[in-house]
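Worksheet: one structure, shown below.
Read-outs: derived from the displayed coordinates by stated rules, not from any lab. Fair warning: this is a prediction, and the values are worked out from it, not measured in the lab.
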Amino acid sequence: MFSGSSDYSVQVWDLENMLPIQALKRHEKAVQSMAVWYDAVFTGSEDEEIKVFKYFKL
C-alpha cells in the first residue's frame, strides 16, 4: 500500500506488519494525489509537479 504525506514523501507500507518500509522522496511540497498503475506510482503535489515512481516488490 502507498500513502502520500505532508512531509513531501510517499510511504510504502508493509500491510502484514503495519509498518512503513520505504519513503519515496522527490516532491518539494505535500503530496496531494496518487494513482497506481501496474508497477508505477504517479503522484501529484502542491509543488505543481507530477512524479512517476517505478515500484518493484521488496
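Restricting to Cα pairs below 8 Å that are 6+ residues apart, what does the relative contact order work out to for region 2-54? Please round to a whole percent.
Relative contact order of region 2-54: 27 percent.
Going by the alpha-carbon gyration tensor, a ≥ b ≥ c the square roots of its eigenvalues, is region 2-54 rounded (a/c under 1.5) or, if a/c is not under 1.5, prolate (a/b greater than b/c) versus oblate? Taking the square roots of the gyration eigenvalues as a ≥ b ≥ c, region 2-54 is oblate.
Fully extending the segment from Asp14 to Phe42, taken as 0.36 nm per residue of separation minus the present Cα-Cα distance, adds 8.2 nm.
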